[in-house]
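**Student:** Right, I'll just put the structure down here and ask away after.
The values are calculated or read from the model by the stated rules, or taken from the named source; none is laboratory data. Remember, predicted model here, so these are calculated numbers, not experimental data. Counting neighbours? That spans all protein chains shown, and the Cβs are built from the backbone with ideal geometry, glycine included. For the accessible areas, the whole protein counts, side chains as well, though only heavy atoms, and no ligand, DNA or RNA atoms are used. Shrake-Rupley method; radii C 1.70, N 1.55, O 1.52, S 1.80 Å.
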Amino acid sequence: MTADQKYDASSIQVLEGLEPVRKRPGMYIGSTDERGLHHLVWEVLDNAIDEAMAGHCEQIIVKIHEDGSCSVSDDGRGIPVEKHPQTGISTVETVLTVLHAGGKFGGGGYKVSGGLHGVGVSVVNALSTRTEVTVDREGVKSFVAFEGGAPADPLGPIGDADRQGTIVRFWPDPKIFETLDFDFGTIKKRVRQQAYLTKGVTITFHDERKNEEKEFFPQVTQFYFEGGISSFVRHINEDRDQIGPIIMLEDEMSDIAVEIAMQYTQEFRESVSSFANNIQTAEGGTHVTGFAAALTRVMNKYARENGFLKEKDPNFSSEDVREGLTVIISVKVPEPQFEGQTKSKLGNSNVRGIVDKVFSEKFTEFLAENPNDAKLILNKCSLATRARLAARAARDTVIRKGALEGMTLPGKLSDCSSKIPADSEIFIVEGDSAGGSAKQGRDRFTQAILPLRGKILNTENCRLDRMLANTEIKALIVAMGAAIGEEFNLEKLRYHKIVIMTDADVDGAHIRTLLLTLLYRHFRPLVEGGFVYVAQPPLYKLAKGKKIWYAMSDEEKDAIVTEHEIKGDNIQRYKGLGEMNPDQLWDTTMNPETRTLLQISVADAERADHVFKVLMGDEVLPRRRFIQTHAAEVKDLDI
Ligand code: 28F
């Protein structure tokens, strides 16, 4: 038999081998849309990554060429070109033309066999109009090309090789795919993720396509992460307040490699990302359950043995030990089983026990060797537990019938004598001196006065239990009579006008913002029902002879000055409500016949809430920006 005859014979066999892929591409790559198209890239990239994971490759280049083809190049050992014992043709041709050859012929290491991955590069070949493979190996550069899956340019040497490696370039078949347009962002994201997961490998991505919208081309992005998944954790936690170091734990057991990188942060949420054979397992699986069980167990054991949990204390819950935790769990499994809705859940049951064992051993070791870090972490967990228990206690307290009901009206409330809510008003007044004037000046029949001392509790991020512990807020809640939380009952509201009366200065504005935020967040029906008002005390008192005018604004003052020819001495600027005598306060601000009340809409309260968030929240940057932008508007800073 001549070489040519042998080639013909095997090419027939090859065509039969790949025909089912062209007939039913969806069976092999899921779909023929954009997603399916990208599967071709992942398939070839996965092979290069496998070579890197086996420790033979450091550089991978992914390229989208100007003509729309894609190539992947690695500096690994190069696919062998010698005859494959089982097929009678070269290994490289076998890999490209026999379905599942990559896995079946065993390249060693961890080959992905589940889901849509690891179908083999022969599938890429089957679904491309042309596929070219260049192998640099043992000083020889070899080349082979296929068209529609069948050999086109036979394998042969094309020169010397001054390096080692494999380059696969393919042109996706327009008869198969609905689109041929590779997406820059999709590939870049994948390349970055793979670079994180494969320690020490550099992956470069070139997009050489000309594109009218693109100002610059080619686009080149390079990813290299010395630390592998610990760099991934560093990336995720970049903008978070970190607690302790990034902890890297790894080991191998019964052919299953386990790598875990974790770090605690001040966040409340947890960020868990998991991978099996470098494929993201969005639905989790046995590796994640193994980790979670071990984490809770180890933390509780360490906490008991080292006095972080006393005898009477309950154990940390699973949520307590995961609060604020960023963790990447990556396992390499010889035969992964992918389950679940999107085939992104690892099913291998033996993995659970192995991850549990590896993690508990290594993490126990870490805690023992790093008592200072352990302390930081355990304290964070204690805090999470206390918060959880306090939140539950608060809920119970509020739910318990009549938590506030039995409480007597606060001593500092000067109540009105009317018991008809529709006729009654409550003035929430800042400070005792203003409270005194208001008490004396009011209409005792319909107007109640509640003086609040000092800055009211910052309710940002505040839970019910802490709010109820604040005497000022408790007084307000009891006085209003409608309770709070699940017990809130609008029908029990004791006043149909809740009037916030604060000074016309920065402190007054601050307290007004706090109160509006409180009402907006915890008593929204009061805002929605139009029960909330802001009093409008005058800014100026103007006098001429026995005549007196009040001005609410600078414009109003100027107009009065001009009209009545009032000069300097006869203009008084009120710094606070306390400067007004009771009669003046009644005349200008409280008398329903003459006063102006500003009814607060939901939008007003929402605005207050926003201002409050910016001014009181944890985020420093927006606060700084806000103050810089608004600094010019604050004219009379008393502080
Ligand atoms: C551009 C994509 O596909 N790289 C690859 C290798 C290296 C070997 C290999 C691949 C052997 C028995 C199949 C070399 N030397 N990049 C790639 N690099 N495949 S694919 O072997 C293929 C298997 O059956 C390789 C020694 N052993 C393996």
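**Student:** Can you work out the Karplus-derived ³J(HN,Hα) for every residue in region 312-327? Use 6.51 cos²θ - 1.76 cosθ + 1.60 with θ = phi - 60°, whole Hz, and x for glycine or proline.
**Tutor:** 7, 5, x, 5, 5, 8, 4, 5, 4, 7, 9, 4, x, 8, 9, 9
**Student:** From the residues G324, C416, P336, which one has its Cα farthest along the dipole of region 292-425 in the positive direction, the dipole being from +1 and -1 charges on Cβ of Lys/Arg and Asp/Glu about the Cα centre?
**Tutor:** About the Cα centre, the residue reaching furthest to the positive side is P336.
**Student:** Sort K567, K380, K357 by accessible area with a 1.4 Å probe, largest first.
**Tutor:** K567, K357, K380
**Student:** What length, rounded to one decimal in nm, is gained on full extension from E19 through to T179, with 0.36 nm per residue of separation minus their alpha-carbon distance?
**Tutor:** 55.5 nm
**Student:** Further question: Once the Cα gyration tensor of region 155-305 is diagonalised, what are the square roots of 5 times its eigenvalues, in whole Å and ordered largest first, as equivalent ellipsoid semi-axes?
**Tutor:** For region 155-305, the semi-axes come out at 38, 21, 17 Å.
**Student:** When ranked by the protection proxy of mean other Cβ atoms within 10 Å per residue, highest first, what sequence do the peptides 342-354, 551-563, 284-296 form?
**Tutor:** The peptides rank, most packed first, as 284-296, 342-354, 551-563.
**Student:** What distance in nm lies between label points placed 7 Å from Cα along the C-beta direction at E58 and K312?
**Tutor:** Result for the modelled spin labels: 6.1 nm.
**Student:** If you don't mind, there's one more thing I want to ask. Apply the Karplus parameterisation 6.51 cos²θ - 1.76 cosθ + 1.60, with θ equal to phi minus 60°, to every residue of region 149-159 and state each ³J(HN,Hα) to the nearest whole Hz, in sequence, with x for glycine and proline.
**Tutor:** Couplings: x, 9, x, 10, 9, x, 4, x, x, 10, x Hz.
**Student:** On a straight-distance basis, which aspartates and glutamates could pair with K547 in a cross-link, Cα separation under 17 angstrom, same-chain partners fewer than 8 positions away excluded?
**Tutor:** K547 reaches E556, D558, E563, E565, D569, D583, D587.
**Student:** Taking K419 as the anchor, which aspartates and glutamates have their alpha carbon closer than 17 Å to its alpha carbon, excluding any fewer than eight residues away along the same chain?
**Tutor:** E405, D443, E491
**Student:** What order, most packed first, do the peptides 318-328, 588-598 have when packing is the mean number of other Cβ atoms within 10 Å of each residue?
**Tutor:** 318-328, 588-598
**Student:** Multiply the residue gap between D443 and K544 by 0.36 nm, knock off their C-alpha separation, and tell me the result in nm, one decimal place.
**Tutor:** 33.5 nm
**Student:** Can you give me the long-range amide H partners of A257? Hydrogens built in the peptide plane at 1.01 Å from N, cutoff under 5 Å, separation of 5 or more residues or another chain.
**Tutor:** Here the answer is K332, since their amide H atoms fall under 5 Å of that of A257.
**Student:** Evaluate the charge dipole of region 485-588 about its Cα centre and quote only its size in Debye, nearest 20, assuming +1 on the Cβ of each Lys and Arg and -1 on the Cβ of each Asp and Glu.
**Tutor:** 180 debye
**Student:** Leaving ligands and nucleic acids out of the surface, order R209, R22 by accessible area at 1.4 Å, largest first.
**Tutor:** R22, R209
**Student:** Then there's this: Whole-Hz ³J(HN,Hα) for each residue in region 250-257, computed from phi via Karplus 6.51 cos²θ - 1.76 cosθ + 1.60 with θ = phi - 60°, x for glycine and proline: what do you get?
**Tutor:** Computed from phi, the couplings for region 250-257 are 8, 6, 10, 8, 6, 6, 10, 8 Hz.
**Student:** Determine the alpha carbon to alpha carbon distance for each of K310/K357; K301/K332; K141/K343 and list only those over 31 Å.
**Tutor:** Long pairs (Cα-Cα over 31 Å): K141/K343.
**Student:** Here is a follow-up. With all protein chains present, calculate the accessible area of D432 using a 1.4 Å probe and round the result to the nearest 10 Å².
**Tutor:** Rounded to the nearest 10, the figure is 90 Å².
**Student:** Something else about it: Could you tell me the distance between the Cα centroids of region 536-567 and region 321-353, to the nearest Å?
**Tutor:** Answer, in whole Å: 75.
**Student:** Given H placed on each backbone N at 1.01 Å, which residues far from I60 in sequence or on other chains put an amide H within less than 5 Å of it?
**Tutor:** T202, I203, T204
**Student:** Once amide H atoms are placed 1.01 Å from N in the peptide plane, what residues at a sequence separation of 5 or more from V140, or on another chain, have their amide H within under 5 Å of its amide H?
**Tutor:** A161
**Student:** May I pose another question? Tell me the accessible surface of E270 in square angstrom (1.4 angstrom probe, heavy atoms of protein chains only), to the nearest ten.
**Tutor:** 80 Å²
**Student:** Then there is this: With the cut-off at 22 Å, tell me which of the pairs K439/K567; K541/K575; K345/K375; K439/K557 have Cα atoms farther apart than that.
**Tutor:** K439/K567; K345/K375; K439/K557
**Student:** So which aspartates and glutamates pass the test for K83, namely a Cα distance under 13 Å, with those fewer than 8 places away in the same chain ruled out?
**Tutor:** Within the straight-line cut-off, K83 pairs with E93.
**Student:** With just the Cα atoms defining each centre, how far is region 137-154 from region 247-308? Give it in Å.
**Tutor:** Using only Cα atoms, the two centres lie 45 Å from each other.
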